[in-house]
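The next block holds one structure in the form of structure tokens; read it before the comments.
Please treat every number below as a calculation from the coordinates, not as lab data. These numbers were taken from a predicted model, which means no experiment stands behind them. When we count neighbours, we look across all protein chains shown, and the Cβ atoms used for this are built from the backbone with ideal geometry, even at glycine.
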Protein chains: 2
Amino acid sequence: MKVIAFTGMPGSGKTEAVNVAKEMGIKVISMGDEVREEVKRRGLEINDENLGRIADEMRKKYGKDIWAKKCLEKIKGEEKIIVIDGIRNIEEVEAFKSKIKNFILVAIHASPSTRYHRMMKRRREDDSINIEDLKRREKRELSWGLGDVIAMADIVVTNEGSMEEFKEKIREILS
Amino acid sequence: MKVIAFTGMPGSGKTEAVNVAKEMGIKVISMGDEVREEVKRRGLEINDENLGRIADEMRKKYGKDIWAKKCLEKIKGEEKIIVIDGIRNIEEVEAFKSKIKNFILVAIHASPSTRYHRMMKRRREDDSINIEDLKRREKRELSWGLGDVIAMADIVVTNEGSMEEFKEKIREILS
């Protein structure tokens, strides 16, 4: 079994990479979904602030690798390939590496200006809407250790060109 | 004037990128040289431990952007292009961005296994020699904020193939 984890800064194209995996019929385990479930379970609104706060709170309470452990519970070893979405700190990487022999960390990269531009163009329920919000979110994710994860990636995929070009690169990695 | 800064984890190929710039006759300002000068000035031996300790000490005393400021003093605006070697934290990036309009941050990336393999094969006066030393050095550089710098790069250059292939990519960026 191979486990491929996608990571990247907000707006880098992580979600699109994960969508490629889904289109290919690959099982995707989303660390963000785990956080979303927890926020819902508490009867809170799904928004950027609550998602960030609960994710952080659980890490402080149960360890920095809590969301990785929750994902690992869902891996039964029946699939040939599984994609993990949303790794954010080195402790999560280590949790996966300690349990999964074939673990490959893939960082999606785009320049800050490309990412800001993209994020201003679209919205999602947990997306921020002005550039200062984006930079705050970025700083928060870096403070969790996202930069270290990107630096320690096995593969970096650049996403500066067209969407189709990017999807093709991801398909290549996954197949 | 354009200022291009190379950054990257130990063993990524940063030094080779800088050497390409030198071969092209581009002025290179090395943040590491600033640290080396300071270590020599204090009559200490040039080794990994002293370089790391003095770099860290000066950052604590004069601010995280002290080595960037020392480099900025050397930029007179006479050159068309200057290369900066050895950026390690986001505060240094911000110091350059605040003074230099055309500042481009280039991260060199190779996977951990490629980097460890390379570093075990070569030695330099400040290179470590066993894998545990390498990992300790890596952790120390990440603790300075190197991961955040890599995540915030404008361009990421992958260095997993041949040296000639890598040098060609760097030449392209610089010309």
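Considering only A:G32, A:G43, A:G77, give the residue with the highest GNM mean-square fluctuation for chain A, with springs between Cα atoms whenever their separation is below 10 Å.
Sorting by GNM fluctuation, first place goes to A:G43.
State to the nearest 20 debye the size of the charge dipole of the protein assembly as shown about its Cα centre, where the only charges are +1 on K and R beta carbons and -1 on D and E beta carbons.
Dipole of the protein assembly as shown, to the nearest 20 debye: 420 debye.
Once amide H atoms are placed 1.01 Å from N in the peptide plane, what residues at a sequence separation of 5 or more from A:E160, or on another chain, have their amide H within under 5 Å of its amide H?
For A:E160, no residues qualify.
Set Lys and Arg Cβ to +1 and Asp and Glu Cβ to -1, take the dipole of region A:49-127 about its Cα centre, and tell me which of A:N89, A:C71, A:I108 lies farthest positive.
A:I108
Where nothing but the Cβ of Lys and Arg (+1) and of Asp and Glu (-1) is charged, how large is the charge dipole of region B:2-174 around its Cα centre, in debye to the nearest 20?
320 debye
Quick check: from the Cα gyration tensor, does the protein assembly as shown come out rounded (a/c under 1.5), prolate or oblate?
prolate
Where is the GNM fluctuation largest for chain A (alpha-carbon springs, 10 angstrom cutoff): A:D85, A:D65, A:D33?
Highest fluctuation of the listed residues: A:D33.
Shortest first, in nm, what separates the label point of B:S143 from those of the same position in the other copies (7 Å along Cα→Cβ)?
The projected label point of B:S143 is separated from its counterparts by 2.1 nm.
Distances in nm, one decimal, shortest first, from B:K74 to the same residue in every other copy, taking the label point 7 angstrom along Cα→Cβ.
5.0
In what order do B:I170, B:I82 fall by count of nearby beta-carbon atoms within 10 Å, going from fewest to most?
Starting with the residue having the fewest Cβ neighbours, the order is B:I82, B:I170.
Using the beta-carbon distance between A:S143 and B:K76 and R0 = 30 Å, what value does 1/(1 + (r/R0)^6) give for FRET efficiency, to the nearest 0.05?
0.25
Going Cα to Cα from B:K69, which aspartates and glutamates come in below 17 Å? Please leave out same-chain ones fewer than 8 positions away.
B:D33, B:E34, B:E37, B:E38, B:D56, B:E57, B:D85, B:E91, B:E92, B:E94
Among the listed pairs A:K99/B:K14; B:K14/B:K139; A:K27/A:K99, give every one whose C-alpha distance is greater than 27 Å.
A:K99/B:K14
Taking amide hydrogens as modeled 1.01 Å from N in the peptide plane, which residues meet the under 5 Å criterion relative to A:K2, leaving out close sequence neighbours?
Amide H neighbours of A:K2, under 5 Å, 5+ apart: A:I81, A:I82.
How far, in whole Å, is the nearest Cβ of chain B from the axis relating it by rotation to chain A, and which residue carries it?
Residue of B nearest the axis onto A, distance in Å: B:G147, 2.
Counting only helical runs of four or more DSSP H residues, what would the 222 nm mean residue ellipticity of chain A come to if each run contributes -39,500 (n - 2.57) and the total is spread over all its residues?
One gets -16000 deg cm²/dmol as the mean residue ellipticity at 222 nm.
DSSP loop (so not H, G, I, E, B), at most 14 other Cβ within 10 Å: list which trypsin sites (Lys or Arg not before Pro) in region A:65-163 pass both filters.
Answer in residue order: A:K74, A:K76, A:K80, A:K101, A:R122, A:R123, A:R124.
For A:K2 and B:S175, what does the FRET efficiency come to when R0 = 30 Å and r is the distance between their Cβ atoms, rounded to the nearest 0.05?
For A:K2 and B:S175, the calculated efficiency is 0.15.
Considering only A:L44, A:L142, A:L72, give the residue with the highest GNM mean-square fluctuation for chain A, with springs between Cα atoms whenever their separation is below 10 Å.
A:L44
Could you tell me which of rounded, prolate or oblate describes region A:57-175, using a ≥ b ≥ c as the square roots of the eigenvalues of the alpha-carbon gyration tensor, with rounded for a/c under 1.5 and, failing that, prolate when a/b is larger than b/c and oblate otherwise?
Oblate is the answer for region A:57-175, as a/c is 1.5 or above yet b/c matches or exceeds a/b.
Run the numbers on chain A and let me know its relative contact order in percent, using alpha-carbon pairs under 8 Å that are six or more apart.
Relative contact order, chain A: 36 percent.
What gaps in nm, shortest first, separate A:R171 from its twins in the other copies when you place the label 7 Å past Cα toward the beta carbon?
3.3
Just want the ordering: B:S98, A:S30, from fewest to most Cβ atoms lying within 10 Å of their own Cβ.
Fewest to most other Cβ atoms nearby, the residues stand as B:S98, A:S30.
Rounded, prolate or oblate: which one fits region B:1-135, using the alpha carbon gyration tensor with axes a ≥ b ≥ c (rounded when a/c is under 1.5, else prolate when a/b beats b/c, else oblate)?
oblate
For A:G13, list long-range residues whose amide hydrogen, built 1.01 Å from N in the peptide plane, is under 5 Å from its own amide hydrogen.
Excluding prolines and chain starts, which carry no amide H, there are no hits.
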